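The values are calculated or read from the model by the stated rules, or taken from the named source; none is laboratory data. In this text the structure is predicted, and so the values were computed from the model without any measurement. Note: ideal-geometry Cβ built from the backbone for every residue, glycine included; neighbour counts use all protein chains shown. We work out accessible area using only protein heavy atoms, side chains counted, and drop any ligands, DNA or RNA first. Shrake-Rupley method; radii C 1.70, N 1.55, O 1.52, S 1.80 Å.
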Amino acid sequence: MEQTTQVNWGACNNSVITNPEISCAFFEVPLDYQNASVGTATLALAKLNATAEPKLGSVFFNPGTCLLGV
């Protein structure tokens, strides 16, 4: 499987995200890094750029995470 480090951001599907300031992208990842034949999953990403200066960094939020056992 080819490794990709760049995410191509673009307009979001406006039936899902209606804020035009939010950009969307999809990112494909292997289900098992040790066994590529298992297949891949596609992750949907959305971002809202900071507007205040100075920009202090990025915040990553995954609302689909199961917190059991953490």
Fill in: Rounded accessible area per residue of region 1-63, 1.4 Å, Å²
91 Å²
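What is the gain in length, in nm to one decimal, between residue 13 and residue 56 on full extension, counting 0.36 nm per residue of separation less the C-alpha to C-alpha distance? Let's see the in-between values first.
On the way: separation 43, 0.36 × 43 = 15.48 nm, distance 2.83 nm.
The residue 13-residue 56 span can extend by a further 12.7 nm.
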Item to complete: Return the loop-located GluC sites (Glu not before Pro) in region 1-53 (DSSP other than H, G, I, E, B) with at most 10 other Cβ atoms within 10 Å of their own Cβ; answer none if there are none.
Response: 2, 21
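Considering only DSSP states other than H, G, I, E and B, which chymotrypsin sites (Phe, Trp or Tyr not before Pro) in region 4-39 qualify as loop sites with at most 11 other Cβ atoms within 10 Å? Let's see the in-between values first.
Numbers: sites: 9, 26, 27, 33; in loops: 9, 33.
When the chymotrypsin sites (Phe, Trp or Tyr not before Pro) of region 4-39 are filtered for loop state and at most 11 Cβ neighbours within 10 Å, 33 remain.
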Fill in: Note, ³J(HN,Hα) from phi for region 52-59, Karplus 6.51, -1.76, 1.60, rounded to Hz, x at Gly and Pro
8, 10, x, 6, 9, x, 10, 10
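Order the following by accessible area, largest value first: 51, 42. Probe radius 1.4 Å; ligands, DNA and RNA are ignored. Can you show the working numbers first?
Numbers: 51 125, 42 90 Å².
The ordering from most to least exposed comes out as 51, 42.
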Fill in: Accessible area of residue 38 in the full protein assembly, 1.4 Å probe (Å², nearest 10)
80 Å²
